[in-house]
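The values are calculated or read from the model by the stated rules, or taken from the named source; none is laboratory data. All values reported here derive from a predicted model rather than from experimental measurement. Cβ: placed from backbone, ideal geometry, glycine included. Neighbour counts: every protein chain shown. Surface accessibility is based on the protein's heavy atoms, side chains included, excluding ligands, DNA and RNA. Shrake-Rupley method; radii C 1.70, N 1.55, O 1.52, S 1.80 Å.
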Amino acid sequence: MMNRDELLSYGDIKAKEIALTLMEEAIKSADPYEAVKRALKVEDGKLIVKGKEFLIRGKIYVLAFGKAACSMAKAVEDLLGDKVEEGIAVTKYGYSLPLKKIKVIEAGHPVPDENSVKGAQLGVELAKKVKENDILLVLISGGGSALFMLPEDGISFEDKMKTNELLLKSGAKIYEINTVRKHISKVKGGKLAKLVKGTLISLILSDVVGDPLEAIASGPTVKDPTTFKDAYRILKLYNLWDKLPESVRRHIELGLEGKVEETLKEDLPNVHNFLIASNALACEAAERKARELGLNAHILTTTLEGEAKEVAIAFGSIIEEIYYRSRPFKKPCVLIAGGETTVTIESEAGLGGPNQEFALSITRKIANLRGVAVLAMDTDGTDGPTDAAGGLVDSYTLEALKKEGIDVEEYLKGHNAYEALKKAKALLVTGPTRTNVNSIVIAVIL
């Protein structure tokens, strides 16, 4: 349940109302259930996926993993009914839905847990059941890397966890994190696809900037352009190599020496991957809704990246230019951006996530710009390891923070945006959205 009343209890209420309306439209467009139903049809003994036909000759199995796994799996069950032989869906705690034939496993995200391994093991067993005339529908969404985790031989669960924790705190981009994950995993980097003898059809929701299929959930069904050399370079770049568990270092060293198998390097004729929802589509939905409301709307980018608090300063500078000088756009207008910013943690940190940090940082740039509100959120409803989606701030938020005795600079330095925004009634809580197509920023300038 969204905390709408709290968010609209003071300040630039009209601008904040518009931002929330556009946010809801963006989330709706990325609804995984509807995305699957748009992409998948059953007619005359055939599966039709975005116009491509697949003859149903044997059994149909379903393997889903990610934050949207259950919504996607439910759509498949509703479409195919008894044609589904069996299936597994691995999703984040609190994101499950009741399914008929598909077994649901809840697991840890962003930090994997033992259920992440259990789900992946069951997924591998399911993939091996698929015979030449059968079809395996693989439903992939954001969070799949952590939720569907099976370390390579010789790497313990604890060592994989330690590596994952180091990567998440390093400030590395998601595709860099996934490059390393793929090279210490039994299922990522196309390795899952290698196990399937029948037809493999993947329906994919993108949570990666630019939608490269090989990076989404670390590309379990897609050929991988990255190598052990790339993984090694990334680990050295972020000063992680010497901090890694010995088993992980050893496995990557063996890979560099060509003594363990690389990730999938060629397209397999029985494997078909389809992108069915993305951040760009969500941004476009918000843009359409803004124009319906009579506002000039502009998508600045769908590849927003960088350190969250610094990107916020740049974004705030654009808002200031529009507010005071009517360039590059005239107000009233809406600015929309999608992507994924990062937070680099170098010591002990408070509670928060990149979108909360973005929102807290931008309060310094929009203070006293009456009629301005900025919403920053992760579309899955979970920003970092918190129960908040992000933040919704306006021209009054900095003043509210000061009244609470909060020094924005100190809270940013301590990566404690959650507590600051909560005290200023600017913490955006949506609950699970059961989708994930990256983050979205919406600025309303009236």
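Just to be sure I understand: with springs between alpha-carbon atoms less than 10 Å apart, which residue in N355, N239, N279 has the highest mean-square fluctuation in the Gaussian network model of the chain?
Highest fluctuation of the listed residues: N239.
Show me the three semi-axes of the equivalent ellipsoid for the range 10-88, from the C-alpha gyration tensor (sqrt of 5 times each eigenvalue), largest first, rounded to whole Å.
Working through the eigenvalues yields semi-axes of 36, 14, 8 Å.
Are there chymotrypsin sites (Phe, Trp or Tyr not before Pro) in the range 208-295 that DSSP marks as loop and that have at most 10 other Cβ atoms within 10 Å, and which are they?
Passing both the DSSP loop test and the Cβ count: no residue.
Rounded to the nearest 10 degrees, what's the angle between the helix 114-129 long axis and the longest principal axis of the chain, both from Cα atoms, 0 to 90?
Long axis of 114-129 versus the principal axis of the chain: about 40 degrees.
Which sequence of L168, L428 reflects their accessible areas, 1.4 Å probe, from the largest down?
L168, L428
Over the chain, what is the percentage of antiparallel beta bridges among all DSSP beta bridges, to the nearest 5?
Of those bridges, close to 45 percent are antiparallel.
Can you run phi through the Karplus equation (6.51, -1.76, 1.60; θ = phi - 60°) for the range 92-103 and list ³J(HN,Hα) in whole Hz, with x for Gly and Pro?
6, 3, x, 9, 7, 9, x, 10, 8, 9, 9, 6
With n ≥ 4 as the cut-off for DSSP H runs, can you work out [θ] at 222 nm for the chain, using -39500 (n - 2.57) per run divided by the number of residues, rounded to the nearest 500?
Helix-only estimate at 222 nm: -11500 deg cm²/dmol.
Are there any GluC sites (Glu not before Pro) in the range 127-158 that are in a DSSP loop and have at most 11 other Cβ atoms within 10 Å? List them by number.
E132
Could you state the orientation-averaged shadow area of the convex hull built on the Cα atoms of the range 324-446, in nm² to one decimal?
Quarter of the Cα hull surface area: 7.6 nm².
Check which residues have an amide H placed less than 5 Å from T303's amide H, if you skip close sequence neighbours.
For T303, the qualifying residues are G338.
Can you compute 3J(HN,Hα) from phi for each residue in the range 396-408, using the Karplus curve 6.51 cos²θ - 1.76 cosθ + 1.60 with θ = phi - 60°, rounded to whole Hz and x for Gly and Pro?
9, 5, 4, 4, 5, 5, 5, 5, 8, x, 9, 8, 4
Taking a virtual spin label 7 Å from the Cα of K129 along the C-beta vector, which residues in the range 51-67 bring their backbone nitrogen under 12 Å of it?
Of the residues in the range 51-67, 59-63 have backbone N under 12 Å from the label point off K129.
Need one number: convex hull volume per residue for the range 255-359, Cα atoms only, in Å³.
With only Cα atoms used, the range 255-359 gives 206 Å³ per residue.
Amide H to amide H under 5 Å from Y93: which residues, 5+ apart in sequence or cross-chain, H placed 1.01 Å off N in plane?
A107, H109
What is the distance in Å between the Cα centres of the range 373-436 and the range 47-105?
For the range 373-436 versus the range 47-105, the Cα centre distance is 35 Å.
Working from Cα positions, state the angle (0 to 90°, nearest 10) between the long axis of helix 13-29 and the longest principal axis of the chain.
Tilt of helix 13-29: around 10 degrees.
Taking the Cα atoms of the chain alone, what are Rg (to one decimal) and Dmax (as a whole number) in Å?
Final numbers for Rg and Dmax: 22.1, 68 Å.
Simple spin-label model, 7 Å along Cα-to-Cβ: L97 to N368 in nm?
4.9
Once the piece of chain linking R288 and K197 is laid out straight, how much longer is it, given 0.36 nm per residue of separation minus the C-alpha distance between them?
Using 0.36 nm per residue and subtracting the Cα-Cα distance, I get 28.4 nm.
Quick one: Karplus J couplings for the range 274-279, per residue in order, coefficients 6.51, -1.76, 1.60, θ = phi - 60°, nearest Hz, x for Gly and Pro?
With the stated coefficients, the range 274-279 comes to 10, 8, 10, 7, 7, 5 Hz.
So what is the accessible area of the chain per residue, in Å², with the probe set to 1.4 Å?
40
Once both labels are modelled 7 Å past Cα along the beta-carbon direction, what's the H298-E321 spacing in nm?
Spacing of the two 7 Å Cα→Cβ label points: 0.8 nm.
Counting other Cβ atoms within 10 Å, keep those with at most 16, restrict to DSSP loop, and tell me which trypsin sites (Lys or Arg not before Pro) in the range 1-77 are left.
K50, R57
Contour minus end-to-end for N270 and T344, with contour as 0.36 nm per residue of separation and end-to-end as the Cα-Cα distance?
22.6 nm
Report D for the range 48-193 in µm² per second (integer): Stokes-Einstein, Kirkwood Rh on Cα pairs, 20 °C, 1.002 mPa s.
136
What nm value, rounded to one decimal, do you get for the distance between D78 and K403 when each label is placed 7 Å out toward the C-beta?
4.4
Given H placed on each backbone N at 1.01 Å, which residues far from K46 in sequence or on other chains put an amide H within less than 5 Å of it?
Amide H neighbours of K46, under 5 Å, 5+ apart: I56.
Helix 69-80 versus the longest principal axis of the chain: what angle, 0 to 90°, nearest 10, using Cα atoms?
It is inclined by approximately 60 degrees.
Figure the gain on full extension for E114 and D230 (residue separation times 0.36 nm, minus the Cα-Cα span) and round it to one decimal in nm.
39.0 nm
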